[in-house]
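Shown next, in structure tokens, is the structure this report addresses.
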Amino acid sequence: MSISSVRFIIAAILIMTGILIMVIQTFGVFRLKYALNRMHAAAMGDSLGIMMVILGMMVIYGFSFASLKLLTVLIVFWFASPVCSHLLAKLEVSTNEQIEEECEVPEE
């Protein structure tokens with residue numbers, strides 16, 4: 001078994017795991033009842049799923065400039081996704097009048 005086939009197997013496992021996580025996330029988004037729960041499922045699935053797919057692509061490319069670009073995309077996505085999810089959750093809490101029926105909201 002050569003190094004390239006081992007790299008391919010590891011990359012395939014990482015990419016398939018990422019795709020599986022994103023498929024599970026999609027079912028969570030459609031099956032959960034409340035908006036905050038759906039956003040949590042989407043944000044967590046995106047962060048972990050994208051990480052696995054990008055790591056798989058980095059394994060395929062090896063140590064190269066393309067891997068550095070993929071790492072940069074991953075870091076930017078890891079900073080942007082939680083911030084966007086937090087802002088959307090804050091908007092949901094401030095605009096939904098029945099939020100107290102769905103979950104506990106601390107007084108500010």
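The values are calculated or read from the model by the stated rules, or taken from the named source; none is laboratory data. Only a predicted model underlies this, so the values are computations on that prediction, with no experimental measurement involved. Because the Cβ atoms are built from the backbone with ideal geometry, glycine has one as well, and the counts that use them run over all protein chains shown. Calculation scope for accessible area: heavy atoms of the full protein, side chains included, ligands and nucleic acids excluded. Shrake-Rupley method; radii C 1.70, N 1.55, O 1.52, S 1.80 Å.
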Taking Glu97 as the residue in question, decide whether it is assigned to a loop (DSSP other than H, G, I, E, B), out of contact with any Lys or Arg (no Cβ under 7 Å at 6 or more places or on another chain), open to solvent by 100 Å² or more (accessible area, probe 1.4 Å) and not polar (S, T, N, Q).
-> yes
Looking at segment 19-37, which of its residues are more than 12 Å from the chain's Cα centre (by Cα) and either over 19 Å from Ile50 (Cα atoms) or surrounded by 14 or more Cβ atoms within 10 Å (Cβ to Cβ) (or both)?
-> Gly28, Val29, Phe30, Arg31, Leu32, Lys33, Tyr34, Ala35, Leu36, Asn37
Yes/no for Glu107 being part of a loop (DSSP other than H, G, I, E, B), without any contact (Cβ under 8 Å) to a residue 60 or more places away in the chain and open to solvent by 60 Å² or more (accessible area, probe 1.4 Å) | yes
Residues (part of a helix (DSSP H, G or I) and without any contact (Cβ under 8 Å) to a residue 24 or more places away in the chain) located in segment 21-37 | Val23, Ile24, Thr26, Phe27, Gly28, Val29, Phe30, Arg31, Asn37
Filter segment 1-18 down to the residues that are β-branched (Val, Ile, Thr) and surrounded by 13 or more Cβ atoms within 10 Å (Cβ to Cβ), then identify the one that is farthest from Leu88 (Cα to Cα).
-> Ile10
Failed item in (1) in contact (Cβ under 8 Å) with a residue 40 or more places away in the chain; (2) in contact with a Phe, Trp or Tyr (Cβ under 7 Å, 6 or more places away or on another chain); (3) not charged (D, E, K, R), with Ile50 passing the rest = (1)
Report whether or not Ala66 is open to solvent by less than 60 Å² (accessible area, probe 1.4 Å) and more than 14 Å from the chain's Cα centre (by Cα).
-> yes
Run down His86, His40 and say which single residue is of a type outside the set (A, V, I, L, M, F, W, C), assigned to a helix (DSSP H, G or I), open to solvent by 50 Å² or more (accessible area, probe 1.4 Å) and in contact (Cβ under 8 Å) with a residue 24 or more places away in the chain.
-> His40
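Does Met57 meet the test of being touching a helix residue (DSSP H, G or I) at 6+ places or on another chain (Cβ under 8 Å) and either at pLDDT 90 or above or aliphatic (A, V, I, L, M) (or both)?
Answer is yes for this residue.
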